[in-house]
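The block underneath contains the structure these notes are about, expressed in structure tokens.
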Amino acid sequence: MPPDDDTSKDLQAYHELLELWRQENPIKTNKLQVLLAVNGFLLSVVQLNGGFVSVNWPLCLGGAVLSLVWTLSIGRTSLFQKVWQIKLQSLAAKHPDDPRFHVADPDEAIGQAPGWLRLVGGVPSKYYLLGAPIVFFLGWTASCLYVLL
């Protein structure tokens, strides 16, 4: 097979993987926004119903279960985005001198961004995407134990 044909097939695969990787971003964002909204709603209902008292244990348990499910759901989405990224990097490594295989590599461009933006935007999304539902799960679990004991 001529090298141009291999490159063409790799480029087509690269574009398909890039699209799969790109599609995960709005999914993660939507999941995080719904997680925050639902937990805010649950906290409001708990407060309107007397606060963290024994009668509200089902709400606390529900918050813990929902947060655990969200952790798994966002984790799965993040996992597959990482899988697509690894495959993209593998294809790019086969073509180190072809810039078409390096459009998803932001390192050089990030270095040119303002320092303050690199600071606040440099936190990997996995920390807050997975950290938020884990913190909510732990908080709701502690609340459930508190109101039951």
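Measure nothing but the geometry: give the 0 to 90° angle between the long axis through the Cα atoms of 125-148 and the longest principal axis through the Cα atoms of the chain, rounded to 10°. The helix 125-148 is inclined about 20 degrees to the chain. Label zone of Val55 (point 7 Å out along Cα→Cβ, amide N under 20 Å): in segment 114-149 this covers 143-149. Against the chain, whose longest principal axis is taken from its Cα atoms, helix 3-48 shows a tilt of about 10°.
Give the residue from Phe137, Ala93, Gly115 lying farthest towards the positive end of the charge dipole for segment 93-149; charges sit on Cβ (+1 for Lys and Arg, -1 for Asp and Glu) and the dipole is referred to the Cα centre. In segment 93-149, that residue is Phe137.
Excluding ligands, DNA and RNA, the accessible surface per residue across segment 1-115 is 64 Å² with a 1.4 Å probe.
Estimated from helices alone, the mean residue ellipticity of the chain at 222 nm is -28000 deg cm²/dmol (sum of -39500 (n - 2.57) over DSSP H runs with n ≥ 4, per residue).
Determine by what factor the alpha-carbon radius of gyration of segment 21-103 differs from 2.2 N^0.38 Å, reporting the quotient.
Ratio of Rg to 2.2 N^0.38 Å for segment 21-103: 1.69.
Listed cross-link partners Lys94/Lys126; Lys9/Lys94; Lys9/Lys82; Lys82/Lys126 are compared with a 19 Å cut-off, the Cα-Cα value being larger for Lys94/Lys126; Lys9/Lys82.
Counting Lys and Arg as +1 and Asp and Glu as -1, each charge on the Cβ, what is the dipole of the chain about the Cα centre in debye, to the nearest 20?
On the way: 11 positive and 12 negative charges, 164 e Å.
So the dipole magnitude of the chain works out to roughly 780 debye.
The values are calculated or read from the model by the stated rules, or taken from the named source; none is laboratory data. Keep in mind that what you see is a predicted model, and the values were worked out from it rather than measured. Here Cβ is always computed from backbone atoms with ideal geometry, including for glycine, and neighbour counts include all displayed protein chains. Note: accessible area is taken over every heavy atom of the protein model, side chains too, but ligands, DNA and RNA are not part of it. Shrake-Rupley method; radii C 1.70, N 1.55, O 1.52, S 1.80 Å.
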